[in-house]
Structure formats: structure tokens, C-alpha cells
Amino acid sequence: MSVALPTSHTAVTVPEVMAALKFSRSKVYDLLRSGALPSYTEGRARRIPLDSLRTYIHNRLEEAA
């Protein structure tokens, strides 16, 4: 599975996660609320560290195996 992630950032936005994973906005926010996808806010902007996103993808792949 190949997911297109920005390589020049250390954190991504919710719309970038939506595009990379082909998830809806509500699905991404469900993952954020549950803690499955750690994030932080800077002012009003929510950011997801790329390491957190990679860990989420890795964990999902391991669960599927």
C-alpha cells in the first residue's frame, strides 16, 4: 500500500490526512478523538505529526496481516 505523504513537513493537516488515507473528515476526527492518531493544536490549527501518521499506518498493516 502506497500512501502519498508530504516529505517536506514534520506535521500535516487534517485535509492532508484525508487525502493521503482517502478517509472522510469525520473518520479522521474520530481517529483523533479516540487517540488512535495523535495530534496537537497550534492556535486553532490541528496538526498530525508525520511520525504519528506513519505509526498509525504501520499498526493497521500489522493488524491486517
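The values are calculated or read from the model by the stated rules, or taken from the named source; none is laboratory data. Remember, it's a predicted structure, so these values are computed and weren't measured experimentally. Virtual Cβ from ideal backbone geometry, glycine too; neighbours counted across all protein chains shown. Please note that ligands, DNA and RNA were not included when accessible areas were found on the heavy atoms of the full protein model with its side chains. Shrake-Rupley method; radii C 1.70, N 1.55, O 1.52, S 1.80 Å.
So, of the residues in the range 40-61 that are among the polar types (S, T, N, Q) and assigned to a helix (DSSP H, G or I), which turns out to be surrounded by the most Cβ atoms within 10 Å (Cβ to Cβ)?
Applying the filter and picking the extreme gives Ser52.
For the range 6-19: of the residues being open to solvent by 40 Å² or more (accessible area, probe 1.4 Å) and not in a helix (DSSP H, G or I), which is modelled with the highest pLDDT?
Selected residue: Thr10.
One line per residue, one yes/no per condition, for (1) at pLDDT 95 or above; (2) part of a helix (DSSP H, G or I); (3) surrounded by 11 or more Cβ atoms within 10 Å (Cβ to Cβ); (4) of a type in the set (Val, Ile, Thr):
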position	(1), (2), (3), (4)
Ala4	no, no, no, no
Val28	yes, yes, yes, yes
Leu32	yes, yes, yes, no
Pro38	yes, no, yes, no
Glu63	no, yes, no, no
